[in-house]
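Please read the structure below before turning to the comments.
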Amino acid sequence: MRRVVVFFARLAIISLVMGVAGGYYVANRYFNNGALARRLTENYNKKHRGRIRIGSIHWRSSAILELLRDGYDEVVIKDLRIFDSRGRLALRVDHAVGSIKLWDVILRGDFRLRWLRFDGATVRLERYRRPDGPGPKGEQQEIGLLGAFEPTRNEEMSKRSREKRSSSSSRSFIVVDRFELAGITLVANLGQVGIRLEELRLGGRLDYASAGDGQAPRLHYDLRPAAEGGALRFGHRRFSLGKLRVKRLAATRARPDRVVVDATLGLEGAHLSLRGGLLGLRAAPKGPPKGEGADHEHSPVPTVALEAAATGFGRLLARLTGRAIVDSASELHASLRGPITDPVGTLRLAGLGLRRGGIRLDRVQLVARYESGVLLLDRMVARALGGTLEARARLDMGSGLWKASLKVTDLDTRDALPADRREALGGTLHGYVDAAGHVDDLQSGWTRFSLGLLRHQARGPLPRSLRLEGELHASLRRLDIRRLELS
C-alpha cells in the first residue's frame, strides 16, 4: 500500500513539474518576446486606424507566479513604433521597461502599469486632412498620433447600430501609476504653428478609459514635463525656445472637471509663465427671465482662473509685429477669471517703447480690463518728444460704440516736423483730443479737440502762442472751429 502511495505521489510531482515546465514552454514560446509582440500588435492593428509595430515584449520566468497571483511583473519592450492613419511614423521608442499586469494585456488588451521608464524617443504630432473621410463628429482634420488610437469604422454600419455597439462594448484601459520618460525629441507640425523640443523629460501618471459600457471616454493625468530648448515656428517666422518647466499639468480623478497648470517657458529671450486653469463647472445664467420675478435658467459652464506674466519680451514683440520695439525692462501681467462665457480680464504692461522715424515712444505703461462685454483702456501713459501722452478708451463689444481721449502735455514738435517747418511750427504742444463713434459706421463719429502751441521762435508771420478748439466730423466734410486764440 505504501508503495502505491509513493508511486502516485511521485507521479503527481512529476506531472506537476512537467505541467509547469510545459506551461512555461508554451507561455515563453507563444506569449513572450517576438511572439507576444506579434499577437498584441496584430489584434490591435485590426481594430484601429493606426498601426503598431513592436520588436519584442520580454517578461521574466517569475512572471508565471505573478500571473497566478494576478500581480505585476517587469516587462522589457524593444523597438516600439506607432504609425498614423497615413502609415507615417508618429512615435518611436527603442527601449522601455515597465511593471505591467500581464493578465490584463493577454485577456483584455488593457495596459495597467505600476511604473514605466524609457530614455530616448521621437514623437511626431502632425495635423492633416483625414484620409478616410470625416470623423465621428464630422472632423475634417486630425493629429496623426491621436488618430492612430481611434477604432476603425465600418462604413456599411448604420448610425443606430454604431451607437448600440458603442454603448454596449466593453471599455479598454491604459493606466500608468508612475512614469519617468527622458531623452524625448518632440516634433509638432500643426498648420501655421510648428514646435520642436529637444531633451524633453516627462514624469507623472496617466489614467485613460475608452468609451464603452454606456460611458463616455475618460482621461485623468498629472504631468510634469521639462525641456532644455527647441524652436517654434509661427507662419514663416521662427523663434528660439529656452527652458520649459512645468511644475504641474493635471486633470485628476478627484476633480475630473478641473484642469490646473503651472508652467514657465523661455521664448526668444523672454521669460513667460502661466498659472491657474479651468476650475470646473458652475451654474451660470442662461437666457433672459421668463417673466416678472422669474428666475434665470441656469446651466453649468466651465470657470477659468488664469494668471500670465512675461518679462523681457521686447525682442519677441518686435519680431511678431515687425516694429522697432524698445525694451526697457518690460513686464506684463494678465489675468482671466470667471465663467468662460463671460470672464473678467485684466492687463498691465510697462517698460516698452516704440521707435518710428525720428519719433520715439518711451516708458509705456498700460492698464486695461475686460468685463461684461466692455473693453476698457483705463490708462495708457508714455513719454514722447520730451513730453507725456496719456490715453483712455472704451469699447462696448455688444453695441459697437466706442470712445477715446488723448491728453498731450509739453510735447516738443520739432522732431516730428520736416526740417523746413521746424522754425515756423516748432514749439511745445499741449491739450486734448476726444473722439467717439461706431465700429461699423465710420461716418457717424466725431472728434473734439483743444490744442495749444507755444512756439520756440517769436520770428515769422505766426504769433508766439496759438490755441485751437473745435470739432471734426468723421465724414471729414465739416470742421467746426469754436475758438481760435493768437497771441
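Quick look at the numbers
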{"quantity": "Criterion (on the phi > 0 side of the Ramachandran plot and modelled with pLDDT under 85) met by exactly one of GLY269, GLY235", "calculated": "GLY235"}
{"quantity": "Flag if GLY351 is within 16 Å of GLY314 (Cβ to Cβ) and crowded, with 16+ Cβ neighbours inside 10 Å", "calculated": "yes"}
{"quantity": "Candidate set from the range 414-438 (those that are more than 16 Å from GLY386 (Cβ to Cβ) and out of contact with any strand residue (DSSP E or B) (no Cβ under 6 Å at 6 or more places or on another chain)); member that is modelled with the highest pLDDT", "calculated": "PRO418"}
{"quantity": "Meets criteria (part of a strand (DSSP E or B), exposed (fewer than 15 other Cβ atoms within 10 Å of the Cβ), at pLDDT 85 or above and of a type in the set (Lys, Arg)) for ARG379", "calculated": "yes"}
{"quantity": "Verdict on LEU274 being under 30 Å from LEU223 (Cβ atoms) and modelled with pLDDT of 90 or more", "calculated": "yes"}
{"quantity": "Elements of type strands (runs of 3 or more DSSP E) in the range 224-275, at least 3 residues being of a type in the set (Lys, Arg) and in contact with a strand residue (DSSP E or B) (Cβ under 8 Å, 6 or more places away or on another chain)", "calculated": "237-251"}
{"quantity": "Qualifying residue in the range 51-61 (condition: assigned to a helix (DSSP H, G or I) and either crowded, with 16+ Cβ neighbours inside 10 Å or at pLDDT below 70 (or both))", "calculated": "no"}
{"quantity": "Matching residues in the range 394-416 - criterion: being β-branched (Val, Ile, Thr) and surrounded by fewer than 15 Cβ atoms within 10 Å (Cβ to Cβ)", "calculated": "THR409"}
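The values are calculated or read from the model by the stated rules, or taken from the named source; none is laboratory data. Nothing here was measured: the structure is a model prediction, and the numbers come from that model. All Cβ positions, glycine included, derive from the backbone under ideal geometry; neighbour counts span all protein chains shown.
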